[in-house]
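Below: one structure, written as structure tokens.
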Amino acid sequence: MSMVPRFALYGTDSAPAWLDFVHIEHIPERSSLYDFEIEPHVHDGLLQLLYVVAGSATGEVLMDHRRWRLSPPCVVIVPAGVVHGFRFPSDVDGPVITAPQRSLESLVAALSPALLAHIRTPRVMPVDARSPYADDLMPLFEAIERESRHGTAGHVASGMALLAALLVQISRISQGAAVPSEQRSRKALQIEHFRRLVDERFRTRRSVAHYAEALGVSVGHLGRLCRDVLGISPLDAINERLLHEAQRELVYSSVSIKQLAWELGFEDEAYFGRFFKKHTKQRPTEFRTMARRHLAMA
């Protein structure tokens, strides 16, 4: 069985999910390299926001096992882990932002928890030019682009703050363009519930059977659901969430390996070390040294 390709940016190697960055480019920059046809793929840990502002013909995006029409102007929200692909008209234009989902969620949760639904739900949102908030979208994209291009001190923090402001505008516009929950697929709702449960319970090291029972489905059904929507098994999804947290803590905190193992639900430091090395080919201490060296050079 072939796996869905996993990229950081389409056509490039998958970047480490713990790395905080905000990247922006214009849709034709990358899509033109592939004749404006982007095959289905997935981004690990990365959210994408597209603002389609031009295109003489209607495009299409596949997300969440659903095909959406792209008629400018519209905003496309692609949460991390959602398999998606695009078919653009050759004269498409507009900015596309790629940003770390979990870092953005942490910021949004502190500032305005209601925004979390917008970055966890795949959708295409028409933008009504008559909306009083529509004029604020492009200036925010442009400000984020300036921060991304310059790379000066504090650009990551500034970019994330501007991205939070952008989400506020998107939320305001969406009040007049809400997508009824009944229009979302049953698979999408089940996966959203599964991922929410994993977010809540991954530190307690629950089994796949536990999550299947919590969802009211069989282990086999949960397995098929995850492979169909996420392209990975339920255990892989649970381990990816756990590993992501471990990597972030190793890079951005000074917590000891022993303390981190305990916080993530491992019986002891040695067990955590074996788990981490199995999935990354490095010991936790080696990864911490490498990652911090990487950040220092960035």
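The values are calculated or read from the model by the stated rules, or taken from the named source; none is laboratory data. Here the structure is a predicted model, which means the values were calculated and not measured. Methodologically, a virtual Cβ is constructed for each residue, glycine included, from the backbone with ideal geometry; neighbour enumeration extends over all protein chains shown.
For the range 183-198, name all the residues that are surrounded by 14 or more Cβ atoms within 10 Å (Cβ to Cβ) and touching a residue at least 40 places away in the same chain (Cβ under 8 Å).
184, 187, 188, 192, 194, 195, 198
Go through the range 229-273 residue by residue and tally those that are within 26 Å of the chain's Cα centre (by Cα) and either crowded, with 20+ Cβ neighbours inside 10 Å or not hydroxyl-bearing (Ser, Thr, Tyr) (or both).
First, pick out the residues of the range 229-273 that are within 26 Å of the chain's Cα centre (by Cα): 229-255, 260-261, 263-265, 272.
Then keep just the ones that are either crowded, with 20+ Cβ neighbours inside 10 Å or not hydroxyl-bearing (Ser, Thr, Tyr) (or both); that gives 229-232, 234-251, 255, 260-261, 263-265, 272.
Within the range 229-273, residues that are within 26 Å of the chain's Cα centre (by Cα) and either crowded, with 20+ Cβ neighbours inside 10 Å or not hydroxyl-bearing (Ser, Thr, Tyr) (or both) number 29.
For residue 55, indicate whether it is on the phi > 0 side of the Ramachandran plot and at pLDDT below 75.
No: the conditions fail for residue 55.
Taking residue 117 and the conditions (1) buried (at least 20 other Cβ atoms within 10 Å of the Cβ); (2) under 15 Å from residue 169 (Cα atoms), which numbered condition does it fall short on, given that it satisfies the others?
Failed condition: (1).
Kindly check whether there is at least one residue in the range 206-213 that is part of a loop (DSSP other than H, G, I, E, B) and either within 28 Å of residue 289 (Cα to Cα) or not assigned by TED's automatic domain parsing to the domain that holds residue 85 (or both).
yes
Given the structure, is residue 217 assigned to a helix (DSSP H, G or I) and within 29 Å of residue 191 (Cβ to Cβ)?
When the stated conditions are applied, residue 217 does not pass them.
Could you list all residues from the range 31-49 that are part of a strand (DSSP E or B) and under 13 Å from residue 87 (Cβ atoms)?
Step one: of the range 31-49, the residues part of a strand (DSSP E or B) are 37-43, 46-49.
Hits for the range 31-49 are 37, 38, 39, 40.
For residue 237, are the conditions met, namely being in a helix (DSSP H, G or I), under 30 Å from residue 122 (Cβ atoms) and hydrophobic (A, V, I, L, M, F, W, C)?
For residue 237, the condition - in a helix (DSSP H, G or I), under 30 Å from residue 122 (Cβ atoms) and hydrophobic (A, V, I, L, M, F, W, C) - is met.
Could you look through the range 38-84, keep only residues that are small (Gly, Ala, Ser) and more than 22 Å from residue 115 (Cβ to Cβ), and pick out the one that is surrounded by the fewest Cβ atoms within 10 Å (Cβ to Cβ)?
Checked the range 38-84; the qualifying residue surrounded by the fewest Cβ atoms within 10 Å (Cβ to Cβ) is 56.
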